[in-house]
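Asker: Attaching a single structure in structure tokens format; questions to follow.
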Amino acid sequence: MTNTAAVAPDPSAPAAQTLADLRRVADEMWPADTAESWDRVGLVTGRGDAPLRRVLLAVDAVGATVEEALAWEADALITHHPLLLRGIHTVAEDTAKGALLASLIRGGCALIAAHTNADQPAGGVSDVIARRLGLMGSLPIVPHAARPEIGIGRFGTLAEPVSLRTFAELVAGVMPATVSGVRVAGDPDRLVREIALLGGAGDSLLDHPAVRGADVYLTSDLRHHPAQEALELAAVAGGPALVDVAHWASESLWLEGAAEELAARLPGVEFRVSTLRTDPWNFSVGARPGDGRSAE
């Protein structure tokens, strides 16, 4: 019988990580108690003691990103948008969410959502947009009640005034390309410097004093009537030009930094950001500039 010498463990080797470790670190980075009361963040499916080797990050939990995670043999998928934000009453596999959950469970891939809790901190959704645009003195538009250094949206100043057209071009250069591109309402030659922004749907803040006092409000999903009313008010009482970008695009920029920070906190785990565009629109026709003149 051959004797085999025991091999001492390498003390410098990182300890094996588990899903519980990912949940702990995610809550350190994006505390669940900073999420809005209506939100549903944190672990959606998965087992705490499951081994953790690969994690994919994406904006949306949809068929394409779930397939990407499973093809890569990821142990977890972190998304910005919660899959179960609104109540469901079945996880039958002939429903969209039931089919996604079944695929994740069968594939041994956990799902974690970091939504409004990831909107608020330094390095979060809006903060990253502000940094990419070079805003100085950036502060939350709506500070968190218990932690005023974080909060929803950002308000800051460009290093020097630029035309609205130049600012829109800067935004287009920062955001990933989408079918809708960057839509702008305002005089293209207007000089702008004070910028308010909110990643994701933002017409709820159109009446906020910080937004009203800005030269530009950059956000997504501006609906016809709120946008029109804001512009009419600006014409008589002053207010911002509006810059509207795709929802997915505005919430995709923070993922890269999130992956880097997670990797630093969880050595031995591989993190990857999905390169899939999950903006729902895939082509457009008939686009033309608006000029306020008759449509005839």
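The values are calculated or read from the model by the stated rules, or taken from the named source; none is laboratory data. Quick caveat, the model's predicted, so the values are computed rather than measured. For neighbour counting, all protein chains shown are included, and Cβ atoms are generated from backbone atoms with ideal geometry for every residue, glycine included. All accessible areas refer to the heavy atoms of the entire protein, side chains included, with ligands and DNA or RNA removed. Shrake-Rupley method; radii C 1.70, N 1.55, O 1.52, S 1.80 Å.
Asker: Please list, in order along segment 161-168, the HN-Hα scalar couplings obtained from phi with the Karplus expression 6.51 cos²θ - 1.76 cosθ + 1.60 (θ = phi - 60°), rounded to whole Hz, x for Gly and Pro.
Answerer: Residue by residue, segment 161-168 yields x, 9, 5, 4, 4, 5, 5, 4 Hz.
Asker: Rounded to the nearest 20 Debye, what is the dipole magnitude of the chain about its Cα centre when Lys and Arg each give +1 and Asp and Glu each give -1 at the C-beta?
Answerer: 200
Asker: Can you show me the helix-derived [θ] at 222 nm for the chain, built from DSSP H runs with n ≥ 4 at -39,500 (n - 2.57) apiece and divided by the number of residues, rounded to the nearest 500.
Answerer: -8500 deg cm²/dmol, from helical runs alone.
Asker: Continuing with this model, one more query. Of the residues 249, 177, 130, which exhibits the maximal mean-square fluctuation in a Gaussian network model of the chain defined by a 10 Å Cα contact cut-off?
Answerer: Evaluated over the chain, the most mobile residue of the options is 177.
Asker: Okay, next question. Tell me, what is the per residue accessible area of segment 175-296 in Å², probe radius 1.4 Å?
Answerer: For segment 175-296, the per-residue accessible area is 55 Å².
Asker: Rank these residues by their accessible area, most exposed first, probe 1.4 Å: 36, 73. Walk me through the intermediate numbers first.
Answerer: Numbers: 36 70, 73 130 Å².
Descending order: 73, 36.
Asker: Let me make sure I get this right: for the chain, a, b and c are the square roots of the gyration tensor eigenvalues over alpha carbons, sorted descending. Under 1.5 in a/c it's rounded, otherwise prolate if a/b > b/c, else oblate. Which is it?
Answerer: Values: a/c = 2.34, a/b = 1.87, b/c = 1.25.
Note, shape of the chain comes out prolate.
Asker: While we're here: Under 14 Å from the Cβ of residue 235, count the other residues' Cβ atoms, weight Lys and Arg +1, Asp and Glu -1, and hand me the total.
Answerer: Taking every other residue near residue 235 into account, the sum is -1.
Asker: Test of understanding: extend the Cα→C-beta vector of residue 136 to 7 Å, then name every residue of segment 147-165 with backbone N under 17 Å from that spot.
Answerer: Within reach of a label on residue 136: 155-163.
Asker: So how much slack lies between residue 189 and residue 64, counting 0.36 nm per residue of separation and subtracting their Cα-Cα distance, in nm?
Answerer: Stretched out fully, the residue 189 to residue 64 stretch lengthens by 40.9 nm.
Asker: Test of understanding: extend the Cα→C-beta vector of residue 284 to 7 Å, then name every residue of segment 224-242 with backbone N under 16 Å from that spot.
Answerer: 224, 242
Asker: Note down the nm distance, to one decimal, between modelled labels 7 Å out along Cα→Cβ at residue 177 and at residue 16.
Answerer: Distance between the two pseudo-spin positions: 4.5 nm.
Asker: Which percent of the accessible heavy-atom area of the chain goes to carbon and sulfur, probe 1.4 angstrom?
Answerer: Roughly 54 percent, rounded to a whole number.
Asker: Can you give me the distance in nm between label points at residue 275 and residue 223, each placed 7 Å from the Cα along the Cα-to-Cβ direction?
Answerer: 3.8
Asker: Let me ask something else. Going through segment 184-274, which trypsin sites (Lys or Arg not before Pro) have at most 12 other Cβ atoms within 10 Å and a DSSP loop state?
Answerer: On the way: sites: 190, 193, 212, 223, 265, 272; in loops: 190, 223.
Qualifying residues, ordered by number: 223.
Asker: Chymotrypsin sites (Phe, Trp or Tyr not before Pro), restricted to segment 213-296: which are DSSP loop and have at most 15 other Cβ atoms within 10 Å?
Answerer: Listed in order of number, the matching sites are 281, 283.
Asker: Oh, and also: What shape does segment 218-296 have by the C-alpha gyration tensor, where a ≥ b ≥ c are the square roots of the eigenvalues, rounded means a/c under 1.5, and otherwise prolate means a/b greater than b/c and oblate the rest?
Answerer: oblate
Asker: So, taking all protein chains as they sit and a 1.4 Å probe, how much accessible area belongs to residue 160, in Å² rounded to tens?
Answerer: Estimated to the nearest 10 Å², residue 160 gives 120 Å².
Asker: At 7 Å along Cα-to-Cβ for each site, give me the label-to-label distance between residue 102 and residue 32 in nm.
Answerer: Reported label-point gap for residue 102 and residue 32 is 2.8 nm.
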